[in-house]
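> Quick one: structure below, then a few questions.
Nothing in this text is a laboratory measurement; each read-out follows from the coordinates by a stated rule. Note that the coordinates shown come from a computational prediction; the quantities given were computed from them, not determined experimentally. A quick note on method: Cβ atoms are made from the backbone with ideal geometry, for glycine too, and the neighbour counts reach across all protein chains shown.
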Amino acid sequence: MILIGLLFIYLAVTKDWEPMLLVPIGFGIVIGNIPLFPGLQVGVYEEGSVLNILYQGVRQGFYPPLIFLGIGAMTDFSALISNPKLLLIGAAAQFGIFGAYAIALAMGFAPNEAGAIGIIGGADGPTAIFLSSRLAPDLMGAIAVSAYSYMALVPVIQPPIMRLMTTKKERLIRMKKPRQVSQTEKKIFPIVGFLLTAFIVPSGLPLLGMLFFGNLLKESGVTRRLANTASGPLIDIVTILIGITVGCSTQADKFLQLKSIGIFALGAFSFVIATFAGVLFVKIFNLFLKDENKINPLIGNAGVSAVPDSARVSNNVGLEYDKTNYLLMHAMGPNVAGVIGSAVAAGILLGFLS
Amino acid sequence: MTTFLCNIKQMRKISLYIFTFCLILCAFAANGQNLTDMRLNEIVVKNTNGYLDDYGNRSAWVELFNTSYGTVDVAGCFLTDDPDNLKKYKIPKGDVLTKIKPRQHLLFYADNEPDKGTFHLNFAIDSTTTYIALVNADGKQILDELTFQAHKVPENLSYGRKVDGIGFTKPAGFFSRSWLISKYEKEANGDPGWTVLSKVTPQSANVIDNKESKLIRLKERDPHGGIMAVTAMSVVFSALIILYFLFRLVAARNIKMEEAKKQASAAAEAPVEAKQNVNVTVNADPQEYTDEEIAAAIVMAIHLESENEQVHDVESNILTFKQIYSPWGNKALIMKQTPSINR
């Protein structure tokens, strides 16, 4: 496990793969796997130890909503508001979650474990931690590491599927320039968005509430200091704590099991399904749209909520085929819709399986 | 201008509808976690070989249940068997054991021996008892009450809720479920939530909700996860589709308003543009600033541009002011509201 931790640090430092996450997680894995005498009250699973106290944020699930607060405060929903139909791509990509759920059931996992594993397909680390801490705490370490690892691997996993699913003509589709969104619309979005999604899926309240609250802080224009704190120091502190404690929780005796391998395999599979579903949905959706409103299917992959990595992947793949076709802003729409979609999906799983 | 004002009125009307809608939703969803969540849950009338109290005696008892997911302290509340005397037994304050944890139970012994401690009532439940109530600390608000015929409860069996906390109850909250059920209906049909339980369950759930069995049931009914996937995806899509339609409406309304606004501001700026022979766009609400202020800002901007003082963003034909730092505007330094000029 110590070698795995060091590998994470190596990948983050030399390859620049999600360094903000992989460095704390990698170092946490190293810390958590140093052999120690039980009873010294230093281990992450020993009640009252410093690491155990910090770990409660993961165990009790209060770090993920705080991260969502920061995500909300740094996310600009303009792309989504200017073209609301992109919301549906964010919904389609959630097929990854439920596809992985079905396969996990077939592999013999219990429904609650399958739900916790499936959420990896949402490509959302905090949501994966939140849900697994409720549904399958024993698998949380493997699920969290798997989710964050695949998030780092988005630029590797998604492009081949995107190319496979699209024709050259489709990749060259130029989307209409998004209209400029007014400040009033930006202010209304978090309030209406929250009320609507929270009433439909109340079990997603902690994540949805904090996400939209953070966005309201940003867009209200009168709480700049709070928004800056939420999107800056607060999210940084929580990211450090969540990374290091999740890493610590992956002790060899709990982590190196056959189940963990299954979780990693299912995690990869859920990413594949999510990308596939997102791109396929755009292709089908295009059949009903006029030529000038057609959507480039290369942004379908951005329905998973790895913000902004998957949007960046859409942009880069698009540029490979047309140097002047910038898809980044268009892809940000489904990307932030994916954040909402995965939080809603997590709420549904929690409602059904807890 | 008329269109602009009409749009503002319509926008306000829509906002009012949205606000009312949200208010109604909030009202129905409101569910505070407090004393109103307390329920009478189980009663034993004749106890000859059952549960022993802390003195080793057997007596009738009444069990309370905290239906909420937060701790509730019942100290200061009243228990009574007399509808005309709601303040019969006051639950003493200062005993930590009166705090009932989420979804937990608390037992009171109806032995008419209050000197034995907090949980011994000053009245006894026997075959003549017909009424029990839990009353709020004000001595008026009935949190839960039960009208029953104690003589019909068999010896060493209990009369309790079929499922903990579920069933008719005296309406305590504004939107409690029983508020919708008329008193007449309750009296005519009896309370279907209560029954003589086959097992006496002091300090524990009347029916054990086995979490694992729920999951096993789910696996049996939906072994491949197909139903779950379809249901969940329908919910995800529904939520986002509703959001989509809502924001299409808002966007359409907003585009109309923007157009009207642009027309109004274009009309106001036309003379200035002609005079300066510069394509100037004022990104300000015309309602918010006077013409003099706008004119002064434009003149100042052109002056600074001609002086080449690098105070503008580099953007052809558009004049903008860069925000310049000043301690006078720093909220962290002044920590009080910035004075505003009344116009």
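> Loop by DSSP (not H, G, I, E, B), at most 16 other beta-carbon atoms within 10 Å: where is the longest site-free stretch of chain A for GluC sites (Glu not before Pro)?
Here the longest segment lacking exposed loop sites spans A:48-354.
> Long-range amide H contacts for residue B:144: which residues qualify at under 5 Å (H placed 1.01 Å from N, peptide plane, sequence gap of 5 or more or a different chain)?
Placed amide hydrogens put B:134 under 5 Å from residue B:144.
> All other residues with a Cβ under 13 Å from the Cβ of residue B:44 taken together, and with Lys, Arg as +1 and Asp, Glu as -1, what is their net charge?
-3
> Let me ask another. What pairs from A:187/A:323; A:294/B:262; A:85/A:176; A:187/B:256; A:15/A:85; B:46/B:214 go past 25 Å between their alpha carbons?
Among A:187/A:323; A:294/B:262; A:85/A:176; A:187/B:256; A:15/A:85; B:46/B:214, the Cα-Cα distance tops 25 Å for A:187/A:323; A:294/B:262; A:15/A:85; B:46/B:214.
> Of the beta bridges DSSP finds with both residues in region B:35-207, what % are antiparallel, to the nearest 5? If you can, show how the numbers build up before the last one.
Working: 33 of 34 bridges.
Percent antiparallel among DSSP bridges in region B:35-207 is about 95.
> OK, next. Any idea how far the Cα center of region A:9-78 sits from the one of region A:284-319, in Å?
32
> Can I ask one more? GNM, chain A, Cα, under 10 Å: largest mean-square fluctuation among A:201, A:181, A:279?
Maximum fluctuation in the GNM of chain A, among the listed residues, is at A:181.
> Using a 10 Å cut-off around each Cβ of peptide A:84-95, what is the average number of partner chain Cβ atoms that fall inside?
Working: counts 11, 5, 2, 9, 6, 1, 2, 10, 4, 1, 6, 4.
Partner Cβ neighbours, averaged per residue: 5.
> Follow-up question, since we're still on this one. Mind telling me which of A:266, A:226, A:211 comes out most flexible in a GNM of chain A, alpha-carbon contacts under 10 Å?
A:226
> Relative contact order for chain A: what is it in percent, counting Cα pairs under 8 Å that are at least 6 residues apart? List each step's numbers first, then the result.
On the way: 682 pairs, mean separation 110.0, N = 354.
Relative contact order, chain A: 31 percent.
> A further question follows. Specify the residue with the greatest mean-square fluctuation among A:142, A:106, A:123, computed from a Gaussian network of chain A linking alpha-carbon atoms under 10 Å apart.
Result for chain A, Cα springs under 10 Å: A:106 fluctuates most.
> FRET efficiency for residue B:242 and residue B:266, Cβ-Cβ distance as r, R0 = 30 Å, nearest 0.05?
Working from the Cβ atoms, E equals 0.25.
> At 222 nm, what value in deg cm²/dmol follows for chain A if DSSP H runs of at least 4 each add -39500 (n - 2.57) and the sum is divided by all its residues, to the nearest 500?
When only DSSP H runs of four or more count, the value is -22000 deg cm²/dmol.
> Next question, about the same structure. Once amide H atoms are placed 1.01 Å from N in the peptide plane, what residues at a sequence separation of 5 or more from residue B:60, or on another chain, have their amide H within under 5 Å of its amide H?
Those lying under 5 Å, H to H, from residue B:60 are B:47, B:110, B:125.
> What's the average, rounded to a whole number, of partner chain beta-carbon atoms within 10 Å of each residue's beta-carbon in A:200-206?
2
> Over region A:2-353, one equal point on each Cα, no solvent: what is log10 I(q)/I(0) by the Debye formula at q = 0.07, 0.08, 0.14 Å⁻¹?
For the requested q values the scattering log ratios are -0.28, -0.37, -1.12.
> Under the Kirkwood approximation for Rh and a Cα-based Rg, what ratio Rg/Rh is obtained for region B:35-207?
Answer for region B:35-207: 0.93.
> Report the net charge of residues surrounding residue A:293, where surrounding means a beta-carbon distance below 10 angstrom and charges are Lys +1, Arg +1, Asp -1, Glu -1. Kindly include the intermediate steps, with their values, before the conclusion.
Working: positive: A:85, A:176, A:290, A:294; negative: A:291, A:292.
Neighbour charge sum, excluding residue A:293 itself: +2.
> Let me ask something else about it. What angle do you read, to the nearest 10 degrees and between 0 and 90, between the alpha-carbon axis of helix A:328-353 and the longest principal axis of chain A?
50
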